[in-house]
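Step one of this worksheet: look at the structure below.
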Amino acid sequence: MKIPYTHAVACIALILPLFATSLLVQAGEVALIVKTDQPGGRLLVKLVTEADGGDFPGGDGIRQRSPVPPGARSVAFSFPGLAAGRYALAVIHDLDGDGGLTQNLLKIPTEPYGFSNNARGMFGPPEFTAAAFSVPAEGEVAVEVTLK
């Protein structure tokens with residue numbers, strides 16, 4: 001007995017969303033809250049994997065941008081669909097709109113910045129291990145970064 005083409009397509013249309021939903025459930029997510037004292041400008045956020053960690057906060061990573069609304073003291077970001085593993089976040093509050101971290105002649109940042117775990121380096125950014133956190137195969141990890 002042959003199944004008509006329209007019936008086969010209908011069956012696939014019913015089954016495919018169930019399969020896709022099960023794939024989405026098996027991914028981790030990072031819910032990031034960035035706290036800042038200065039309104040205006042843009043927040044530049046980069047999520048770096050452990051594989052890119054040797055070049056932290058450089059490397060490829062997943063990038064997001066968001067304007068800081070007037071009067072806002074925090075801005076939320078979401079990174080869904082992540083594989084289980086160790087990640088770290090770097091955040092810049094780009095007040096002057098140049099797309100990066102502005103520094104003075106001594107290479108000291110003049111714009112607010114921060115890292116996951118509120119990690120700090122002695123002279124420069126922290127090591128990946130200081131800013132790293134684990135993302136499980138399923139579920140959400142809440143991370144808060146306070147800019148300084």
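The values are calculated or read from the model by the stated rules, or taken from the named source; none is laboratory data. Bear in mind the structure is a predicted one, so any value in this text is a computation, not a measurement. In this analysis, Cβ positions are derived from the backbone assuming ideal geometry, glycine residues included, and neighbour counts consider all displayed protein chains. Note: accessible area is taken over every heavy atom of the protein model, side chains too, but ligands, DNA and RNA are not part of it. Shrake-Rupley method; radii C 1.70, N 1.55, O 1.52, S 1.80 Å.
Just a few scattered comments:
- Rounded to the nearest 10 square angstrom, Tyr87 shows an accessible area of 20 square angstrom against a 1.4 Å probe.
- The slack in the chain from Arg63 to Phe133, taken as 0.36 nm per residue of separation less the alpha-carbon distance, amounts to 23.5 nm.
- With 0.36 nm allotted per residue and the present C-alpha distance subtracted, the Leu105-Ala84 stretch has 3.5 nm of extension available.
- Accessible surface comparison of Ser74, Ser66, probe 1.4 Å, protein chains only, largest first: the order is Ser74, Ser66.
- Residues in segment 45-57 carry Karplus couplings, in order, of 10, 10, 9, 10, 7, 4, 4, 8, x, x, 10, 4, x Hz; the curve used is 6.51 cos²θ - 1.76 cosθ + 1.60 with θ = phi - 60°, and Gly or Pro positions show x.
- Tail fraction, Cα-Cα pairs, segment 41-113, threshold 19 Å, whole percent: 42
- Per-residue 3J(HN,Hα) values for segment 75-82, derived from phi via the Karplus relation 6.51 cos²θ - 1.76 cosθ + 1.60 with θ = phi - 60°, read 9, 9, 10, 9, 10, x, x, 8 Hz in sequence order (x marks Gly and Pro).
- Sequentially through segment 121-130, phi angles give Karplus couplings (6.51, -1.76, 1.60; θ = phi - 60°) of x, 5, 10, x, x, x, 5, 3, 4, 6 Hz, Gly and Pro residues having no value and appearing as x.
- Maximal additional length on extending the Glu140-Asp96 stretch stands at 12.6 nm, based on 0.36 nm per residue less the C-alpha distance.
- Total formal charge among the other residues, if their Cβ is under 13 angstrom from that of Ile92, Lys/Arg +1 and Asp/Glu -1: +1
- Using the Cβ of Thr49 as centre and a radius below 12 Å, the other residues enclosed give a net charge of -2, where K and R count +1 and D and E count -1.
- Charged neighbours of Thr102, selected by a Cβ distance under 14 Å, balance to -2 (K, R count +1; D, E count -1).
- Based on C-alpha pairs under 8 angstrom that are at least 6 apart in sequence, segment 66-111 has a relative contact order of 21 percent.
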